[in-house]
There are 2 protein chains.
Amino acid sequence: MTITISVDVMGGDYGPPKIIPGVKLALDFYLSENHHHNIHFLLFGDENKIRSYLKFETLLYKHCTIVHKDLSVSNNEKPAQIVRLGVKTSLGSAVKAVATGDAHAVVSCANTGAFMALSKIYIKTFKGVLRPAIPAFIPTTKGLSLMLDLGANIKCSPQMLLQFALMGAIYINAYLGIKKPTIGILNIGIEEMKGTEAVQEAAQLFKAHKSINYKGFIEGNKIATGEMDVIVTDGFTGNIALKTLQGTATLITHLLKDAFSNTFLSKLGYLLCKKSLSKAYKIVDKRYYNGAPFLGLRGIAIKSHGDSDAVGVANAIKVAIEMAKNKLPERIEKQLMMDT
Amino acid sequence: MTITISVDVMGGDYGPPKIIPGVKLALDFYLSENHHHNIHFLLFGDENKIRSYLKFETLLYKHCTIVHKDLSVSNNEKPAQIVRLGVKTSLGSAVKAVATGDAHAVVSCANTGAFMALSKIYIKTFKGVLRPAIPAFIPTTKGLSLMLDLGANIKCSPQMLLQFALMGAIYINAYLGIKKPTIGILNIGIEEMKGTEAVQEAAQLFKAHKSINYKGFIEGNKIATGEMDVIVTDGFTGNIALKTLQGTATLITHLLKDAFSNTFLSKLGYLLCKKSLSKAYKIVDKRYYNGAPFLGLRGIAIKSHGDSDAVGVANAIKVAIEMAKNKLPERIEKQLMMDT
């Protein structure tokens with residue numbers, strides 16, 4: 001069997017200069033792991049630009065099909081505008097490839113709103129899914145937790161939060177093999193009376209649901225402790241929590257860099273710790289958690305950060321391949337049918 | 001002139017064992033700085049417990065008056081319950097001391113809801129203030145930014161956010177001397193169409209207001225860059241952003257500790273960097289930013305973290321003293337009158 005991934009090469013802040021090397025990195029990794037499936041990429045975008053980056057990449061070239069598209073999606077365009085352009089854009093046609101069965105999954109760094117809108121139109125959601133959600137893995141002292149929604153839905157009803165919990169549990173099971181993940185709701189306190197009506201009502205729904213291993217509210221300072229496998233929140237709060245986490249990691253990396261270059265002794269000390277530190281840095285490096293599926297779709301669409309470099313793009317593609325092999329949409333459909 | 005600070009010694013996770021040493025630390029610091037004012041503390045709580053911690057503290061004893069109170073406020077009690085008990089509690093009577101003019105400011109580690117409710121009843125808000133807000137200083141690559149609200153108001157109207165911006169600007173001016181602070185609204189994107197209706201409407205109000213140096217939306221990953229002096233948000237989002245920031249700092253400190261103790265070389269390296277690193281750690285140590293006033297009150301009430309140790313409590317008291325000297329409430333009243 002061949003796994004086919006469609007890639008919107010024009011999306012995000014950088015386009016081909018980062019995305020093509022990202023595809024190459026993902027291919028190298030895939031082949032080095034000795035997988036049983038063949039792998040193929042559909043690259044959607046400006047053919048000339050794509051060819052110029054593929055010039056000396058003989059191996060990658062063999063695993064690619066280029067599909068020329070004149071139009072790309074900028075970060076500022078409104079989703080409605082992109083939807084009108086549809087398959088004329090590299091994003092729209094990359095998404096459509098999943099709907100037609102030409103690809104098992106689509107990966108794009110383009111703006112979330114446009115990507116989500118096109119995915120809902122072409123790939124469609126499962127019956128009963130109120131709204132798709134975007135999850136993200138968060139580094140913790142124990143390993144990884146999953147947080148969702150990260151920005152697809154700025155206002156969420158308790159029922160939506162319940163579906164996010166169910167879909168998040170399936171995703172973390174497919175990705176990390178966690179059988180009965182602990183689930184918490186992000187809130188400003190752990191006491192029952194704390195928070196908005198939506199989180200309080202959601203807590204009641206979670207408690208009453210047989211498939212959900214609900215463990216209560218969780219505060220922002222506990223996200224990174226790993227005490228919950230899945231952290232459920234609305235897209236506004238989740239987006240801000242995730243980005244605050246990333247911004248804090250950047251601040252601390254900056255402070256450490258300053259500290260290490262402060263004196264002769266600290267420079268020497270840094271050289272001695274460098275190898276051990278690089279592991280710690282990697283744990284909080286957002287590029288290694290890049291790639292989030294839109295959960296609730298009938299196919300696989302993986303959102304990559306707009307500012308992803310090649311390492312980030314390669315990780316998003318790895319998520320796409322894993323989820324294709326794990327048949328994520330089928331698992332979500334099955335679970336949702338059992339639970340409703 | 002004598003500056004009098006009333007302290008709820010029983011509040012928070014620890015009570016007297018951390019709060020009395022905190023008062024001592026604040027006094028030592030104050031006296032070492034050679035200030036022009038005298039300083040005095042009103043300590044509200046269990047007299048026996050307080051006396052046992054003051055036994056060998058001759059200097060501190062001279063600067064204190066103990067006011068015995070049988071009742072204290074636990075973290076789980078509902079604000080309404082505390083309000084009924086009023087001045088029978090150490091918290092209630094400590095707050096009341098500001099209202100009666102016996103103290104210039106009150107400091108407590110007790111639960112925010114109860115502290116805020118009592119402050120509104122006894123100290124009262126200025127005419128026209130919709131709701132008091134809680135700000136916090138955030139470490140950034142450039143120094144400090146101020147974020148508010150941090151949990152006093154879980155739902156905020158655009159008009160409330162506008163007042164938060166005005167009060168935040170006065171506070172950062174009083175604290176750091178920043179004359180025309182840049183102001184941003186926390187959102188999930190910087191584009192105008194992004195976010196909830198409340199933040200979009202607030203953006204229009206901010207733009208139109210002559211006293212506000214509005215610079216647009218700011219995302220979570222930019223909080224710690226220092227590009228905005230004041231970051232305005234509702235209390236739900238702000239609370240989660242602040243705590244996520246603190247939790248991420250804890251995670252990274254944990255990862256670094258592991259990295260430094262990893263090999264013989266990394267242990268040696270750590271010893272060489274230790275001094276430079278301790279400065280970096282201090283920058284992200286939340287104890288040094290502890291102490292947040294309820295902005296909009298007619299007097300000064302400083303909320304200290306529930307889990308504050310002596311260093312944290314001492315910093316909260318420092319904020320109380322600074323704001324008393326700077327006549328923060330009078331400045332807020334004056335500015336709000338000019339702006340409405």
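The values are calculated or read from the model by the stated rules, or taken from the named source; none is laboratory data. A quick note: this is a predicted structure, and the numbers were derived from the prediction, not measured. With ideal geometry, Cβ positions are generated from the backbone for all residues, glycine too; neighbour counts draw on all protein chains shown. To get the accessible areas, we keep the full protein, side chains included, count just its heavy atoms, and leave off ligands, DNA and RNA. Shrake-Rupley method; radii C 1.70, N 1.55, O 1.52, S 1.80 Å.
Of note:
- When B:LEU85, A:LEU130, A:LEU60 are compared by accessible area at a 1.4 angstrom probe, the order from most to least is A:LEU130, B:LEU85, A:LEU60.
- Once all protein chains are placed together, B:PHE29 keeps about 80 Å² accessible to a 1.4 angstrom probe.
- In order through the stretch A:65-70: 3J(HN,Hα) via Karplus (6.51 cos²θ - 1.76 cosθ + 1.60), integer Hz, x for Gly, Pro: 10, 8, 10, 5, 9, 6
- Sparsely packed loop sites in the stretch A:1-74 (the trypsin sites (Lys or Arg not before Pro) outside DSSP H, G, I, E and B with at most 16 other Cβ atoms within 10 Å) comprise A:LYS55.
- A:ASP13 exposes around 80 Å² of accessible area when a 1.4 Å probe is run over every protein chain in place.
- Antiparallel %, DSSP beta bridges [both residues in chain B], to 5: 20
- For the stretch B:124-131, putting each phi into the Karplus relation 6.51 cos²θ - 1.76 cosθ + 1.60 with θ = phi - 60° gives couplings of 6, 9, 5, 4, x, 6, 5, 7 Hz, in residue order, rounded to whole numbers and with x for Gly and Pro.
- Sequence-ordered 3J(HN,Hα) estimates for the stretch B:236-241 from the Karplus curve with 6.51, -1.76 and 1.60 and θ = phi - 60° stand at 5, 5, x, 4, 5, 4 Hz, glycine and proline given as x.
- Surface burial for B against A, with a 1.4 Å probe and both sides summed, reaches about 4800 Å² of accessible area.
- Farthest toward positive dipole pole in the stretch A:20-89 [+1 Lys/Arg, -1 Asp/Glu at C-beta], among A:LEU59, A:ALA26, A:LEU43: A:LEU43
- Here the stretch A:289-311 is scanned for amide nitrogen atoms under 16 Å from the site 7 Å beyond the Cα of A:LYS282 along Cα-to-Cβ, giving A:289-290, A:311.
- Along chain B, the longest continuous region that contains none of the GluC sites (Glu not before Pro) in a DSSP loop with at most 16 other C-beta atoms within 10 Å is B:193-340.
- Inter-chain shielding of A:32-45 (mean C-beta neighbours from other protein chains, 10 Å cut-off): 0
- Note on the stretch B:130-288: dipole from Cβ charges, positive end direction compared against B:THR263, B:GLY151, B:ALA249; the farthest Cα belongs to B:THR263.
- Accessible-area value, A:HIS68, 1.4 Å probe, nucleic acids and ligands omitted, Å²: 80
- Most to least accessible of A:THR100, A:THR248 (protein chains only, probe 1.4 Å): A:THR100, A:THR248
- Cα centroid separation - the stretch B:264-340 against the stretch A:237-313, whole Å: 27
- Cα shape, chain A, gyration tensor, a/c 1.5 rule: oblate
- FRET E, pair A:THR100, B:GLU191, Förster distance 30 Å, beta-carbon r, rounded to 0.05: 0.45
- The same position B:GLN335 in the other copies lies at 4.8 nm from this copy, comparing label points 7 Å beyond Cα toward the beta-carbon, shortest first.
- Charged-residue dipole, Cβ positions (Lys, Arg, Asp, Glu), the stretch B:130-288 about Cα centre, Debye nearest 20: 760
- Percent RCO, i.e. relative contact order, over the stretch B:122-215, from Cα pairs under 8 Å lying at least 6 residues apart: 23
- Taking amide H as placed 1.01 Å from N in the peptide plane, the amide H of A:VAL67 sits under 5 Å from that of A:LEU43, A:PHE44, A:GLY45, each at least 5 places away or on another chain.
- Length added when fully stretched, B:THR65-B:LYS327, from 0.36 nm per residue minus Cα-Cα: 92.0 nm
- Gaussian network model of chain A, springs between alpha carbon atoms under 10 Å - residue of A:PHE56, A:PHE44, A:PHE236 with greatest fluctuation: A:PHE56
- What separates the Cα centres of the stretch B:150-207 and the stretch A:2-36 is a distance of 41 Å.
- Other-chain or far-sequence residues with amide H under 5 Å of A:CYS156's (modelled H): none
- Nearest-0.05 FRET efficiency for A:LYS155 and B:SER52, computed from C-beta distance (R0 45 Å): 0.30
- Of all DSSP bridge pairs formed entirely within the stretch B:130-288, close to 30 percent run antiparallel.
- Residues of the stretch B:174-220 whose accessible area, computed with a 1.4 Å probe over protein heavy atoms, drops by at least 40 Å² once all protein chains are present relative to their chain alone are B:ILE188, B:GLU191, B:MET193, B:THR196, B:GLY220.
- Dipole magnitude of the protein assembly as shown about its Cα centre (Cβ charges: Lys, Arg +1; Asp, Glu -1), debye to nearest 20: 560
- Neighbourhood net charge (15 Å Cβ-Cβ; Lys/Arg +1, Asp/Glu -1) for A:SER278: +4
- Computed [θ] at 222 nm, helices only, for chain B once each DSSP H run of length n ≥ 4 contributes -39500 (n - 2.57): -15500 deg cm²/dmol
- For A:ASN213, residues with placed amide H under 5 Å, excluding near neighbours: A:ILE183
- With contacts taken as Cα pairs under 8 Å and at least 6 residues apart, the stretch A:130-286 reaches a relative contact order of 29 percent.
- Average accessible area per residue (Å²) across the protein assembly as shown - probe 1.4 Å, nucleic acids and ligands excluded: 42
- For the set B:SER157, A:SER32, solvent exposure ranked by accessible area (probe 1.4 Å, protein chains only) runs largest to smallest as A:SER32, B:SER157.
- For the protein assembly as shown, share of DSSP beta bridges that run antiparallel, in % to the nearest 5: 20
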